[in-house]
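S.K.: Mind having a look at this structure? Questions to follow.
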Amino acid sequence: MTKPNTKHGGDWASYEIEYGKAPLDFSMNVNPLGMSERVKQAIAEAAQTAERYPDPACRKLRAAIAEAEGVAPEQVFCGAGAADIIYRLAKTVKPVQPQDGQKEQSNEDPRLLITAPTFSEYEEAFASEGWRVEQWLLTEEDDFRIGEDLPRAIEMIDRKKDGGADVLFLCEPNNPTGVATDRALLEEILRACRQAGTLLVVDECFNGFLDAPEEHTMKGFLKEYDNLIILKAFTKLYGMAGVRLGYCLCAKAETAEALAQAGPPWNVSGLAQEAGIAALQDERHVQEGRRIVREERQWIKEQLTGLGFAGICGDANYILFRGQEDLEEQMRAQGILIRSCDNYEGLGSGWFRVAVRTHGENLQLIAALEQAREARL
């Protein structure tokens, strides 16, 4: 039997094989309400015409996304989840010309700059295409926040004319820390990237769970900066992980077209396209999910602090903290999945991430964590 890729959370299938029942899954971070009834109904109705090929250009869905995001449909590309788009970007992106046109071309492989820790697919996708990957370390001492030294470093790279970073990926808020960067600093980074000839890709898949997402999103800069791409997905905010639907907003329509050519056609099923359109129409479901996250996130943090856990942080729908190294196994034995972060660069053994779910489920989480802590005393 093929061994599953278990480097991410959400591996409920392995648990069911081992225990013969479903777990309470805190290892994946989606809307605590799950998928809305409107989306489920849209999928059921779309199944009636599933014998047809889906629209390879996702025209209705792209138009709906464009209206919701305030961009032109030509600036939207839809993929089978955000991961599909990340891998297409790795095949598509070419080094861009810096603003002053003086940066020397390097004979070395193109370079990707990422923070550490962060979502692993950025590195894996670009490394698979021969890119060199460099990491910008975030530390617990600085609350895993990006500092003003990053844009200064990008500017220094440009002045040294050593090729610099061709692409910079920023996850906002970051996964797994849940920490978001001030938008003024993000704009400073964006300006530095344009000056250095660096494409900035901002992953906003968890942006909707911030308390003020519109004050943090970078999509308003797409008209001014042609070196910007915004990555988003229906996976998290709309609870549609199994549907596999993501999209990106491109400053240039040419980028969206290149992404479409970078992989096979029909990458988004007809069912997924109708599900996405329905999800965008169900604002009440999103707002209720955000309300639950806002209230429960603070409650979980207080409970973790009371239990003596350290390193607690997170402003989205998940929380990062430090605990005993065998905590994941102890929780699994109690029927609860949490995300071990030992494979994240910059974290390691003893770091864990938990989702924010409904209050009844969060009560079960805290009770299990308390039992695990007491077992160590």
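All of the numbers you see were taken from the coordinates with simple rules; none came from a lab. Model, not experiment: these values are computed from the prediction. As a convention, Cβ positions derive from the backbone with ideal geometry for all residues, glycine included, and neighbour counts pool all protein chains shown.
S.K.: I need the calculated FRET efficiency for the pair E325 and A184, taking r as the beta carbon distance and R₀ as 45 Å, to the nearest 0.05.
M.R.: About 0.70, to the nearest 0.05.
S.K.: Calculate the spin-label point distance for Q298 paired with A333, positioning each point 7 Å from the Cα along the beta-carbon direction, and give it in nanometres.
M.R.: Inter-label distance under the simple model: 3.6 nm.
S.K.: Could you give the length gained by full extension between D109 and E374, i.e. 0.36 nm per residue of separation minus their alpha carbon distance, to one decimal place?
M.R.: Contour length minus Cα-Cα distance gives 90.2 nm.
S.K.: For the chain, which cysteines have no disulfide-compatible partner, meaning no other cysteine Cβ under 4.7 Å?
M.R.: Unpaired cysteines in the chain: C171, C193, C205, C248, C250, C313, C341.
S.K.: Jot down the radius of gyration and Dmax of the chain, Cα atoms only, both in angstrom.
M.R.: Just the Cα atoms of the chain yield Rg and Dmax of 20.9, 63 Å.
S.K.: While we're here: For K219, go through the aspartates and glutamates and keep the ones whose alpha-carbon is under 16 Å away, minus same-chain ones fewer than eight residues off.
M.R.: E67, E69, E74, E172, D182, E187, E188, D203, E204
S.K.: Moving on. Provide the gained length on full extension for the span E257 to T305, in nm with one decimal, where the gain is 0.36 nm per separating residue minus the Cα-Cα distance.
M.R.: The span from E257 to T305 would gain 12.5 nm if fully extended.
S.K.: Out of G308, G350, G34, any idea which swings most in a Gaussian network model of the chain, alpha carbons joined below 10 Å?
M.R.: Result: G308 has the largest fluctuation of those listed.
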